1. Could you tell me whether region 213-220 includes any residue that is assigned to a helix (DSSP H, G or I) and under 16 Å from residue 157 (Cα atoms)?
2. Which of the following residues is free of Cβ contacts under 8 Å to residues at least 60 places away in the same chain and closer than 30 Å to residue 199 by Cα: 50, 77, 115?
3. Can you tell which of 224, 177 is over 15 Å from the mean Cα position of the chain (by Cα) and either surrounded by fewer than 17 Cβ atoms within 10 Å (Cβ to Cβ) or without any contact (Cβ under 8 Å) to a residue 24 or more places away in the chain (or both)?
4. Residues of region 24-51 being out of contact with any helix residue (DSSP H, G or I) (no Cβ under 9 Å at 6 or more places or on another chain) and surrounded by 14 or more Cβ atoms within 10 Å (Cβ to Cβ), which ones?
5. Looking only at region 101-147, which residues are touching a strand residue (DSSP E or B) at 6+ places or on another chain (Cβ under 6 Å) and either farther than 17 Å from residue 19 by Cβ or not in a loop (DSSP other than H, G, I, E, B) (or both)?
6. Residue check: is residue 98 touching a residue at least 24 places away in the same chain (Cβ under 8 Å) and assigned to a loop (DSSP other than H, G, I, E, B)?
7. Hey, can you tell me all the residues within region 125-134 that are at pLDDT 95 or above and either surrounded by fewer than 20 Cβ atoms within 10 Å (Cβ to Cβ) or closer than 17 Å to residue 90 by Cβ (or both)?
Amino acid sequence: MLELVLAFAGLAVLTFAPGPLVRAAGIARLRRMSRGTLVLTYDDGPNSPAPTPQILDLLAQRKARATFFLVGECAAASPELCRRMAEEGHDLGAHGYRHRHGWLDPLRAIADVSAGIRAVAPYRRGRPIYRQAYGKSTLWTLLAGARAGALPVWWTLDSCDSREVLPELDLVLERVEREQGGVVLMHDYLREATSPGARFTLELTARLLDLAARNGWKVRTASELLAESAPQPLEGSV
């Protein structure tokens, strides 16, 4: 009996411990890489009639590109939005197919990661990227992403635009300025365009772009940021 308990405990540690460690290391790396750079990221879309089209309209007006982590079933339901994102130069990553929670639904989350990456593949160029639903990875979801050749992408600041009680916009902006940029997490899950959350996300996007302009920060996609920080081959090497 003791051996069985120890085996289950060992399996649990093996399953769940790598996720927080990899996430902490990834966030620390993003913080170093993103100083002087603003990366706008949106999870849980695409969704129409709101708020994804309104976000795309704003980004087009400001000539800015962002990174959208798409839920596979939403992408399958809105191929025209996915094509628009790709045509307008946005960076498209996967966010699972049905947004399975890696810790609460660990077995189905493994296949969910892989299916999500496949759903985004038709609209993406280059190496795939993904963001685990709720940010909750396990060893097995990380391996599923690696098997697909995809890089996990975290964030350095959560805007909290999905919370029932929204934060003050100025406090979010102050933190981004204090950190001299970063990878900002926002959401474009289905909601009314006039809802407080949708309006918050739009206003925050506009004000973040204003902040970047005032500070002379680069506005990059997640893939551009990762590519800029990738080790370069030595001169003369093959």
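The values are calculated or read from the model by the stated rules, or taken from the named source; none is laboratory data. Note that the structure is predicted; figures quoted are calculated from it, not measured. Virtual Cβ from ideal backbone geometry, glycine too; neighbours counted across all protein chains shown.
1. no
2. Working: 50 fails: free of Cβ contacts under 8 Å to residues at least 60 places away in the same chain; 115 fails: closer than 30 Å to residue 199 by Cα.
77 is the lone residue from the list that is free of Cβ contacts under 8 Å to residues at least 60 places away in the same chain and closer than 30 Å to residue 199 by Cα.
3. Numbers: 224 fails: over 15 Å from the mean Cα position of the chain (by Cα).
When all the criteria are applied, what remains is 177.
4. Our first condition is that a residue be out of contact with any helix residue (DSSP H, G or I) (no Cβ under 9 Å at 6 or more places or on another chain); within region 24-51, this holds for 24-28, 31, 35, 49.
Passing the criteria: 26, 27, 31.
5. Hits for region 101-147 are 116, 117, 120, 123, 124, 129, 130, 145.
6. Values: touching a residue at least 24 places away in the same chain (Cβ under 8 Å): yes; assigned to a loop (DSSP other than H, G, I, E, B): yes.
Yes, satisfied.
7. Filtering region 125-134 down to residues at pLDDT 95 or above leaves 127-134.
Within region 125-134, 127, 128, 129, 130, 131, 134 meet the criteria.
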